[in-house]
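The values are calculated or read from the model by the stated rules, or taken from the named source; none is laboratory data. Note that the structure is a prediction, hence the values are computed from the model and not measured. Every residue, glycine as well, gets a Cβ built from its backbone with ideal geometry; the counts of neighbours run over all protein chains shown. Surface areas here come from the heavy atoms of the whole protein model, side chains and all, with no ligands, DNA or RNA. Shrake-Rupley method; radii C 1.70, N 1.55, O 1.52, S 1.80 Å.
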Amino acid sequence: MEGMTKENMMNYNVNEKGYYGEFGGAFIPEMLYPNVEELRQNYLKVMAEPDFKKEFDQLLKDYVGRPSPLYFAKRLSEKYNTKIYLKREDLNHTGAHKINNTIGQILMAKRLGKTRIIAETGAGQHGVATATVCALMGLECIVYMGEIDIARQAPNVARMKMLGATVVPALSGSRTLKDATNEAIRDWINNPVNTHYIIGSAIGPHPYPDMVTRFQSVISEEIKWQLKEQIGRENPDYVVACIGGGSNAAGTYYHYLHEPDVKIIAVEAAGLGVDSGESAATSVLGHEGVIHGCKTLLMQTKDGQITEPYSISAGLDYPGVGPMHAHLCKTGRAEFMSITDDQAMNAGLDLCKLEGIIPAIESSHALAIFEERTFKPDDVVVVSLSGRGDKDLQNYIEYFKI
Amino acid sequence: MNRINKKLQEDKKLLSIYFTAGYPSLTDTVSIIEDLEKNGVDMIEIGLPFSDPLADGPTIQASSTKALKNGMTTEVLFDQLKDIRKTVSIPLIIMGYFNPMLQYGVEAFCKKCQEIGIDGLIIPDLPVDVYKEDYQAIFEKYGLINVFLITPQTSVERINFIDSVSNGFIYMVSSASVTGSSSGFGDVQTSYFKRIANMNLKNPQVIGFGISDHETFTQATEYAKGAIIGSAFIKHITENGASKTEDFVKSILN
Ligand SMILES: Cc1ncc(COP(=O)(O)O)c(C=O)c1O
């Protein structure tokens, strides 16, 4: 952002109509209007209530285990001759950043008088995080999951069931995350009064991208004071995160969006390679369109049919990105990089050996950029370690023939 | 005058049928339209299939998936319909999701509709607010009627707003559901139908979702100008073949 000052920077937050630049909005069937409108009118008000804040902060502290550490990765930093700090979302209860959002949304749902919770999930991380908070609050929980994902993420399916959730297979379309999201939306259409839909990423119709971003913004809020404590300044030179729909990234960037000296790097899954036909690199392969209720960049045919993405990491296997990220991409505020399956898997194993941390494959994508791009020795680079690798063991075992 | 408006002035209850273009076979589109008219259907919704039809139940989802597999695209549909006005004179509406229209170009799409003789559009995921601000002028330029949905949950204020933006009919969704659900109408629906009928809206109402047979058609049209059948018709041609529209329409109208 050459020549940028705080004063002349563009606004990267959502505007009052629900747009980030030209992206966002609420392209929803009329059947969903009352629900989405109720949320839109209330979410900021509810989030600002002292009671809500107190309960949210308390649960993040005592139940999730926040603040999550900001860890200076010494050996990794030596290897790449720069200063790498890992934001340890992997240490949260349930093993990823997803729970920050589900805690926030379950409290929101209760304030709105909802008694039934639905969610979509791909890898099962968001499903587990949703089932967890529903157990905590004693609310009914239904999780939609593609039939194919159910087969390849058996441990998370078992976790959700143990936590009391009903897991419903999505049998339509390609039977993965996109279709699970469609099924959750259809459920919401069929249950318009008592049900809240906990979307798992910074996607969907306004106000979801903004609401999810605000719940996840605790990540960068903590990074600020943690960096200050550790190195005497709040701002790193770079913040880095992987992007599926973009919730851990949105949370990692949020308090830095309008800090011109902080550069933003967004890491997408290239799958087998951007040009291979088996990829999820939306910023390269996508065009502006409408998916799941918002205008954003998405992978589609010339004819406007949404296409199937591919990544080894189920959490990045989504054909769109949240509208905030589409805007960051289009305006050049963020630098987008794409990382292949192979690069991510190797970066993941590297972190195990160098730092004793087994990362989620999603997070490994963010770690892989150090092989691709050089940083200066005194650059401070904060990477969101969005989740732990327990859920991915089978993948790691098969990939490395362990 | 637009064919939809003219049809709405007729002194009868209207039967409208939805089907998915390119289903069961890619080339069935035109013959289905012609057969429906011949057998007494008043208006047709031609479904432009979409990969992710959020507001549709399993029947229309499956027909859309199949139609796309058959090779249906926006271009192909327009090409199939290019001579439709030589043989068909009832109102024709294209029903589809917004993204394929956006990719074609909204203005180009509308222009093409006018050339072919399409009378209106139903786009479930294009909200009335966005339509009014960004697209109404374009639709009107090409003489197209845009049809909006209301549901039992739609507030009075919003119904009045939708009525003010509409210039054809209002599509009344019978109950909170995706297409193809529900079996029969109970007191809840009837009182909703009555409530809307008593609002004396400027636009007539046509009821859709959950209408599958003579009984539900009769119930719905007691309170509304007409009714739309989709999933039940698609099920019928799935089971009996694309040429079997006559017995279906007869069974509805008796
Ligand atoms: C550990 C982890 N990181 C990242 C993601 C990607 O989601 P998002 O882009 O919303 O952060 C997921 C999604 O399942 C995840 O489980």
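Quick rundown of the values:
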quantity	calculated
Label zone at B:Thr87, where the point sits 7 Å out along the Cα-to-Cβ direction: region B:25-62 residues whose backbone N lies under 14 Å	B:27-39
Column: log10 I(q)/I(0), Debye, Cα scatterers of region B:188-254, q = 0.14, 0.19, 0.23 Å⁻¹	-0.46, -0.74, -0.94
Per DSSP, loop GluC sites (Glu not before Pro) in region A:176-257 with at most 13 further Cβ within 10 Å	none
Surrounding net charge for A:Tyr396, when Lys and Arg each add one and Asp and Glu each subtract one, Cβ distance under 14 Å	-2
Diffusion constant of region A:111-163 at 25 °C, which comes from Stokes-Einstein with the Kirkwood Cα-pair radius and 0.890 mPa s, µm²/s	220
Charge dipole (the protein assembly as shown, unit charges on Cβ, about Cα centre) - positive-most of A:Leu171, A:Thr301, B:Thr27	A:Leu171
nm² value of the averaged projected area, convex hull over the Cα atoms of region A:198-243	3.8
Computed P(r) (all Cα pairs; region A:60-152; 5 Å bins; percent)	3, 13, 19, 17, 15, 12, 9, 6, 4, 2, 0
Debye log10 I(q)/I(0) at q = 0.19, 0.22, 0.28 Å⁻¹ for region A:152-222, Cα point scatterers	-1.01, -1.16, -1.22
Paramagnetic label zone (point 7 Å from Cα along Cα-to-C-beta, A:Leu393; backbone N under 17 Å) in region A:142-184	A:152-160
Rounded to the nearest 10 Å², the accessible area of B:Ser212 at probe 1.4 Å	60
Under Karplus coefficients 6.51, -1.76 and 1.60, residue-wise ³J(HN,Hα) of region B:185-193 in Hz, glycine/proline x	10, x, 4, 4, 5, 4, 6, 5, 4
Cα gyration tensor shape for region A:1-145, rounded if a/c is under 1.5, else prolate or oblate	oblate
Shape of region A:242-400, Cα gyration tensor, a/c cut at 1.5	oblate
Options A:Val133, A:Met324, A:Ile397, ranked by Cα towards positive dipole end of chain A, top entry (Cβ charges)	A:Val133
The protein assembly as shown - Cys residues lacking any other Cys C-beta under 4.7 Å	A:Cys242, A:Cys294, A:Cys329, A:Cys352, B:Cys110, B:Cys113
Interatomic Cα distance distribution for the protein assembly as shown, bins of 20 angstrom, percent	19, 50, 26, 5, 0
Principal axes of region A:306-367: Cα extent on each, largest first, Å	37, 27, 15
√(5λ) per eigenvalue of the Cα gyration tensor, chain B, largest first, Å	25, 22, 17
Cross-link partners of B:Lys111 among lysines (Cα-Cα below 28 Å; sequence separation of 8 or more within a chain)	A:Lys295, A:Lys302, B:Lys6, B:Lys7, B:Lys38, B:Lys66, B:Lys69, B:Lys82, B:Lys86, B:Lys132, B:Lys141, B:Lys202
